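This report refers to the structure that appears directly beneath it.
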Amino acid sequence: MPKMKAAICTGYGPPDVLTIAERDRPVPRDDEVLIKVYAASVTNSDLFIRSSDVPLRVRIPLRLMMGITRPRKEILGEVLSGEIVQIGSGIRRFRVGDRVYGLTGFSLGAYAEYKCMKETDSKQGCLAVKPANVGFEAATSAAYGGLLALQQLERGDIQPGDKVLVYGASGTSGTVAVQYAKHLGAEVTGVCSARHAEFVKSLGADTTLDYTNAECVAMLESYDFVLDAVGKYRTSELKEACRRQMAQPGERRGMYVSIDDGALRLESERLDRMRDLVEAGIVTPITDKVYPLEQIVEAHRYVELGHKRGNVAIAVNAITVDEVTRPSTSRPASGPP
Ligand SMILES: NC(=O)c1ccc[n+]([C@@H]2O[C@H](COP(=O)([O-])OP(=O)(O)OC[C@H]3O[C@@H](n4cnc5c(N)ncnc54)[C@H](OP(=O)(O)O)[C@@H]3O)[C@@H](O)[C@H]2O)c1
């Protein structure tokens, strides 16, 4: 049986519970493709599963679902980008040689050199041809940030001239949200710390507000749409003020949406749209740092600090020059972004 390298989770706890091990390389079933993984992401969801550091009332059901003493799925990682190297007999959408990106859903498993996935969307993930103009690492940022941000922004029916506030504008989903809202013609306010202000403006934000500066509360205006892109567990005086303000009845269309509202929909159609946006230069996926798989512990420690700029990627298989320049073999037709 051919082997592969993987980062496995040996128990619930700090980043040190992750270790590198050898495992059997998976073999695709008839309805699966085998992906040689070039890049994975370290997401907050990975941290959530690994640490199991949640209130007791959440921890019990979580552990019943994920595994009592350690995650049943020992290879974590829910975002990947790589190349299809083998396909099952029933595969129609993909061919060997396609460069893909996607989310692995409940099946996890992206922290490994190879991963089998179905070509159809399900709770086990969604997959699409990756944007051709960015590398595998940036593609993981586009997959995760794109699915999260587009799903929530679409709820706002944003029109040209709308005032949109993105809270947490410097994270993986926030950086996509700022760029996409700007593309839709909105006047965008990005909320971030002072050290990220210039960066968030470079993504297209018209104004930035510093969530660590209480004086910025008085600078809040009326917004047509507010996206909380950091999630319900991270807050500030400014976020609470913004939420209260949006809850008041008034002349504005105000809608307040959290990135945590509802489950993330694993839809390859949205990955296709994200690919179009990236290839058209409308959205640039942001990568903060790239760690080799062997440094998975350091990568988790860094993301746990809570201040990454965009995405943190893991380089899994080494990429050769040929693999970077060779075009993908098949390409689904898609419309304009
Ligand atoms: N609905 C779902 O099914 C689903 C699925 C997956 C994830 N999620 C949610 O999506 C969230 C967003 O993940 P992400 O990876 O896009 O975010 P992220 O990249 O982890 O966000 C990091 C950024 O947040 C900023 N930040 C930290 N604390 C903040 C605060 N109190 N106020 C404002 N900004 C703050 C940091 O900026 P500074 O360094 O400047 O502080 C940093 O740039 C996750 O945390 C999770 O809650 C939801």
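Looking at Ile314, is it touching a Gly at 6+ places or on another chain (Cβ under 6 Å), at pLDDT 95 or above and surrounded by 12 or more Cβ atoms within 10 Å (Cβ to Cβ)?
No, not satisfied.
Identify the single condition in (1) among the charged types (D, E, K, R); (2) free of Cβ contacts under 8 Å to residues at least 12 places away in the same chain; (3) in contact with a Phe, Trp or Tyr (Cβ under 6 Å, 6 or more places away or on another chain) that Lys130 does not satisfy, given that it satisfies every other one.
(2)
So that you can scan it fast, the table gives a plain yes or no per residue for (1) over 24 Å from Arg234 (Cα atoms); (2) at pLDDT 95 or above; (3) under 13 Å from the mean Cα position of the chain (by Cα):
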| site | (1), (2), (3) |
| --- | --- |
| Leu264 | no, yes, yes |
| Ser268 | yes, yes, no |
| Met274 | yes, yes, yes |
| Gly281 | yes, yes, no |
| Glu294 | yes, yes, no |
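Could you grab me the full set of residues in segment 156-202 that are closer than 21 Å to Glu240 by Cα, out of contact with any helix residue (DSSP H, G or I) (no Cβ under 7 Å at 6 or more places or on another chain) and either part of a helix (DSSP H, G or I) or more than 15 Å from the ligand (Cβ to nearest atom) (or both)?
Across segment 156-202, the qualifying residues are Gly156, Lys163, Gly174, Ala194, His196, Ala197.
Restricting segment 153-178 to residues that are surrounded by fewer than 24 Cβ atoms within 10 Å (Cβ to Cβ), in contact with a Leu (Cβ under 8 Å, 6 or more places away or on another chain) and closer than 24 Å to Ser45 by Cβ, which is modelled with the lowest pLDDT?
Checking each candidate, the answer is Gly156.
In contact with a helix residue (DSSP H, G or I) (Cβ under 8 Å, 6 or more places away or on another chain), surrounded by fewer than 23 Cβ atoms within 10 Å (Cβ to Cβ) and of a type in the set (A, V, I, L, M) - does that describe any residue in segment 117-133?
Looking through segment 117-133, at least one residue is in contact with a helix residue (DSSP H, G or I) (Cβ under 8 Å, 6 or more places away or on another chain), surrounded by fewer than 23 Cβ atoms within 10 Å (Cβ to Cβ) and of a type in the set (A, V, I, L, M).
For segment 117-153, give me the residue count where each residue is out of contact with any Lys or Arg (no Cβ under 9 Å at 6 or more places or on another chain), farther than 19 Å from Asn317 by Cβ and part of a helix (DSSP H, G or I).
So the answer is 6.
Yes or no: Ile91 assigned to a helix (DSSP H, G or I), in contact (Cβ under 8 Å) with a residue 24 or more places away in the chain, of a type in the set (A, V, I, L, M) and crowded, with 17+ Cβ neighbours inside 10 Å? Even if it seems obvious, please write down each step before you answer.
Numbers: assigned to a helix (DSSP H, G or I): no; in contact (Cβ under 8 Å) with a residue 24 or more places away in the chain: yes; of a type in the set (A, V, I, L, M): yes; crowded, with 17+ Cβ neighbours inside 10 Å: yes.
For Ile91, the condition - assigned to a helix (DSSP H, G or I), in contact (Cβ under 8 Å) with a residue 24 or more places away in the chain, of a type in the set (A, V, I, L, M) and crowded, with 17+ Cβ neighbours inside 10 Å - is not met.
Between a residue in segment 2-14 that is more than 9 Å from Glu113 (Cα to Cα) and assigned by TED's automatic domain parsing to the domain that holds Leu293 and any residue that is surrounded by 17 or more Cβ atoms within 10 Å (Cβ to Cβ) and acidic (Asp, Glu), which pairs come within a Cβ distance under 8 Å, given they are 6 or more apart or on different chains?
Ile8/Glu74; Cys9/Glu74; Thr10/Glu74
For a quick check of your reading of the model, give me the residue pairs whose first member lies in segment 23-49 and is over 21 Å from Ile319 (Cα atoms), whose second is within 16 Å of the ligand (Cβ to nearest atom) and at pLDDT below 95, with beta-carbon atoms closer than 7 Å and at least 6 apart or on different chains.
Ile49/Met66
How many of the residues making up segment 54-88 are in a loop (DSSP other than H, G, I, E, B) and touching a residue at least 24 places away in the same chain (Cβ under 8 Å)?
9
Tally time: how many residues in segment 29-67 are surrounded by 19 or more Cβ atoms within 10 Å (Cβ to Cβ), farther than 14 Å from Ala7 by Cβ and touching a Cys at 6+ places or on another chain (Cβ under 8 Å)?
Matching residues across segment 29-67 total 4.
Which of the strands (runs of 3 or more DSSP E) found entirely inside segment 1-49 contain at least 2 residues meeting this: within 16 Å of the ligand (Cβ to nearest atom) and among the hydrophobic types (A, V, I, L, M, F, W, C)?
In segment 1-49, 32-41 are the strands (runs of 3 or more DSSP E) which contain 2 or more residues that are within 16 Å of the ligand (Cβ to nearest atom) and among the hydrophobic types (A, V, I, L, M, F, W, C).
Could you count how many residues in segment 200-215 are buried (at least 19 other Cβ atoms within 10 Å of the Cβ) and either over 28 Å from the mean Cα position of the chain (by Cα) or not small (Gly, Ala, Ser) (or both)?
Selection size over segment 200-215: 5.
So, Val303, is that one closer than 30 Å to Gly13 by Cα, more than 16 Å from the ligand (Cβ to nearest atom) and either at pLDDT 95 or above or outside the structural domain of Cys192 (by TED's automatic domain parsing) (or both) or not?
On the way: closer than 30 Å to Gly13 by Cα: yes; more than 16 Å from the ligand (Cβ to nearest atom): no; either at pLDDT 95 or above or outside the structural domain of Cys192 (by TED's automatic domain parsing) (or both): yes.
For Val303, the condition - closer than 30 Å to Gly13 by Cα, more than 16 Å from the ligand (Cβ to nearest atom) and either at pLDDT 95 or above or outside the structural domain of Cys192 (by TED's automatic domain parsing) (or both) - is not met.
The values are calculated or read from the model by the stated rules, or taken from the named source; none is laboratory data. Just so it is clear, the structure is predicted and the values come from calculations on it, not from any experiment. Positions of Cβ are backbone-derived with ideal geometry, glycine not excepted, and every protein chain shown enters the neighbour counts.
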